[in-house]
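A.B. asks: Below is the structure I would like to discuss, written out as structure tokens.
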Amino acid sequence: MGKSIIEKIIENHTVDGIPKKGEEIGIHIDQTLTQDATGTATYLEFEAMGFKKVKTEAISYIDHNTVQVGFENADDHRYLQTVAKKYGIILSRPGNGICHQVQLEQFAKPGNVLIGADSHTPTAGGIGEMAIGVGGLDVAVAMGGGPFYLTYPKIIKIELTGKLQHWVSAKDVILKILSVLTTKGNVGYAIEYSGDGVKTLTIPERATITNMGAETGVTTSIFPSDEQTHDFMKKQGREKDWIPLEADPDAHYDKIIKINLSEIEPMVACPDSPGNVKTVKEIAGLKVDQIAIGSCTNSSYKDLMTVAHILKGRTANENLELGIAPGSRQVIEMIEKEKGLASIIKAGARIFESACGFCIGNSFAPGTDAVSVRTNNRNFKGRCGTKNSKVYLVSPETAAATAITGKITDPRDLEKMGIKYEEIKMPETFEIDNSMFIFPLPEEEREKIEIFKGPNIKPIPKNEPPQETVKGTVTIKVEDKTTTDHIMPAGPYLKYRSNVPEYATHVFEPIDPHFTEHALKNKEHGIANIIVGGESYGQGSSREHAALCPMYLGVKAVIAKTIERIHQANLVNFGILPLLFDNPSDYDEIEQSDSIEIANIKKAIENGEKEIKAKNITKDKEITLKLYLSDRQQKIILAGGLLPFTAQGDAK
């Protein structure tokens with residue numbers, strides 16, 4: 001039987017375990033990616049585990065915490081620069097661009113494996129790289145030479161046929177896919193694209209699709225490496241890194257979904273989930289207060305030249321604010337060269353730096369009760385920086401059309417306004433400028449480097465091995481689809497990522513501002529904190545702080561209906577038990593403040609038991625829980641987490 005693309009890559013990278021669907025395997029990592037919101041903790045963990053040398057091609061990006069109000073972010077940037085010089089990491093300086101856009105331009109390689117401390121790392125799947133978003137601690141271990149462990153995924157083949165109509169783009173494709181797969185129920189799967197329709201999509205278009213594959217909850221998404229890939233890499237001056245890569249004709253897939261690109265129309269994800277998808281036509285006419293174009297999803301040359309064409313000679317509607325963030329310096333230089341930047345500026349757009357900015361809620365927040373139309377990838381409630389705003393996710397075409405009219409507009413209606421469709425072709429060559437990278441020093445010079453740590457940078461706290469019995473309180477009970485943004489809000493709090501004691505004061509703040517106070521009181525009295533969640537608990541960002549900070553506050557277990565992949569791994573990495581209700585109806589009967597006892601848990605873990613008995617002391621009711629841990633994860637939990645487990649092992 002033939003092999004899929006993902007199977008071929010895994011086969012070439014497996015170093016531990018048996019490559020079999022559903023089994024845990026360890027794979028060799030070629031490249032690692034961090035950004036400044038996750039990188040500080042990742043490198044603090046790398047140092048804490050005693051590693052002396054980076055053994056991957058490692059790239060550190062400064063693209064998240066670029067709003068420097070106070071000293072904290074600037075200090076983090078200096079820390080990252082000195083760490084990079086010390087250990088031989090490539091540093092992308094602030095202003096150089098958003099990590100996923102720049103990674104695609106400069107470093108991503110077909111057939112390689114990349115893990116990144118950012119959930120949208122699968123963007124690089126658009127170029128044929130198997131790219132996976134993970135927690136920072138997993139990145140730190142891989143940088144030190146250890147394998148990355150994952151469950152060998154089942155594979156969904158999405159077969160694309162036809163060609164996109166005028167005014168329809170890649171963003172509409174992935175929104176259509178989200179309407180089919182939704183944002184839950186896809187843990188343990190990966191997506192592989194095939195079909196004649198693939199050939200009609202450029203690499204930036206493919207990257208938009210793999211970027212938002214993260215919202216479905218799959219492990220990764222990948223496209224073949226073909227002539228489109230070769231053309232893109234040649235124009236980037238990286239032809240030598242290209243290899244052809246496609247699935248065998250007789251490859252087996254666990255699911256097959258067929259999508260005709262010709263039938264897709266402009267789509268929109270309505271509040272407050274990327275999976276709440278409708279056609280633009282269904283909600284056309286809704287008054288809009290703000291438009292934000294950019295983010296790692298839609299900020300490429302093609303995206304912004306499309307916007308420039310639509311806005312040329314026009315002014316944004318007076319009743320809204322328009323902001324645009326190009327994805328990289330390369331994109332800025334190229335659209336400036338083609339006079340696209342001038343068209344955007346003349347239309348009244350505010351030009352933001354090439355950074356994550358508005359997507360993570362640390363700038364350009366909407367007003368009270370405002371409707372914000374955005375090209376980014378997530379619209380969780382409050383993520384934009386304003387709790388009571390409504391965020392709609394659309395394509396650059398729909399965003400630009402809406403900017404002109406002031407209300408959500410199907411871009412196909414632009415023809416009626418005298419705006420003719422124009423196909424934006426990729427340039428003959430890309431502007432190559434590596435001056436904003438700091439490349440590794442010779443090894444003999446690295447020893448002289450002193451690592452800078454400002455007053456806001458604190459050591460990474462460590463967990464203790466579990467007690468024989470967990471006696472605790474349900475400190476909070478949350479609903480379905482509780483995201484990592486709910487657990488650990490970003491925005492103005494990002495500057496505390498390197499200061500866990502301070503950042504931990506904001507755990508669950510959007511849901512319960514008193515959570516930290518109650519959790520610390522329980523911890524002081526020797527009472528374990530227990531979190532109860534619904535379906536898809538921990539969806540969204542890869543931020544490991546959503547496990548690290550609760551661990552610091554004394555959280556010993558999460559009991560949920562289902563837990564998303566990256567967050568489940570992060571819980572294990574920090575020694576928190578990821579438990580699932582055997583009977584989902586038990587979720588309804590458990591309440592906040594209930595006392596819970598989980599007896600003999602240490603012995604159960606040692607014995608590899610999958611069924612755990614717990615007692616709700618308050619309700620005098622026994623609850624059956626499931627604990628799915630690999631042999632390796634059992635050892636990690638028993639050690640108190642991946643950091644102490646690795647530090648006492650031989651992964652250095």
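The values are calculated or read from the model by the stated rules, or taken from the named source; none is laboratory data. Just so you know, these numbers come straight off a predicted model, no measurement behind them. With ideal geometry, Cβ positions are generated from the backbone for all residues, glycine too; neighbour counts draw on all protein chains shown.
A.B. asks: Hey, among Ile424, Ile476, Ile432, Ile451, which residue is modelled with pLDDT of 95 or more and either in a loop (DSSP other than H, G, I, E, B) or within 30 Å of Ile90 (Cα to Cα) (or both)?
C.D. replies: From the options Ile424, Ile476, Ile432, Ile451, the qualifying one is Ile451.
A.B. asks: Could you list all residues from the range 21-44 that are of a type in the set (Gly, Ala, Ser) and under 22 Å from Leu104 (Cα atoms)?
C.D. replies: Ala37, Gly39
A.B. asks: For Phe508, work out the one condition from (1) in contact (Cβ under 8 Å) with a residue 60 or more places away in the chain; (2) crowded, with 21+ Cβ neighbours inside 10 Å; (3) assigned to a loop (DSSP other than H, G, I, E, B) it doesn't fulfil.
C.D. replies: (1)
A.B. asks: Any residue that is part of a strand (DSSP E or B) and either more than 14 Å from Gly285 (Cβ to Cβ) or polar (S, T, N, Q) (or both) - is there at least one of those in the range 394-415?
C.D. replies: No, the range 394-415 has no match at all.
A.B. asks: Which helices (runs of 4 or more DSSP H) does the range 601-652 wholly contain that include 1 or more residues that are free of Cβ contacts under 8 Å to residues at least 12 places away in the same chain?
C.D. replies: 631-639, 642-647
A.B. asks: Within the range 67-77, does at least one residue satisfy the condition of being in a loop (DSSP other than H, G, I, E, B) and within 14 Å of Phe452 (Cβ to Cβ)?
C.D. replies: yes
A.B. asks: If I go through the range 119-159 residue by residue, how many of them are aliphatic (A, V, I, L, M) and either in a strand (DSSP E or B) or touching a Pro at 6+ places or on another chain (Cβ under 9 Å) (or both)?
C.D. replies: The qualifying residues number 9.
A.B. asks: Run Ile203 past the list (1) surrounded by fewer than 23 Cβ atoms within 10 Å (Cβ to Cβ); (2) within 22 Å of the chain's Cα centre (by Cα) and report the number of the one that doesn't hold.
C.D. replies: Ile203 satisfies all of (1) surrounded by fewer than 23 Cβ atoms within 10 Å (Cβ to Cβ); (2) within 22 Å of the chain's Cα centre (by Cα) except (1).
A.B. asks: Here are some conditions: (1) of a type in the set (D, E, K, R); (2) in contact with a Lys or Arg (Cβ under 6 Å, 6 or more places away or on another chain); (3) not in a loop (DSSP other than H, G, I, E, B). Glu333 meets all but one. Which one does it not meet?
C.D. replies: (2)
A.B. asks: Right, next: Here are some conditions: (1) exposed (fewer than 14 other Cβ atoms within 10 Å of the Cβ); (2) more than 30 Å from Phe148 (Cβ to Cβ); (3) at pLDDT below 95. Ser593 meets all but one. Which one does it not meet?
C.D. replies: (3)
A.B. asks: Take the conditions touching a Phe, Trp or Tyr at 6+ places or on another chain (Cβ under 6 Å), closer than 22 Å to Ile404 by Cα, at pLDDT 95 or above and buried (at least 21 other Cβ atoms within 10 Å of the Cβ) and apply them to Ala269. Does it pass?
C.D. replies: no
A.B. asks: Can you pull out the residues in the range 564-588 that are under 11 Å from Tyr537 (Cβ atoms) and hydroxyl-bearing (Ser, Thr, Tyr)?
C.D. replies: Answer for the range 564-588, where residues must be under 11 Å from Tyr537 (Cβ atoms) and hydroxyl-bearing (Ser, Thr, Tyr): just Tyr587.
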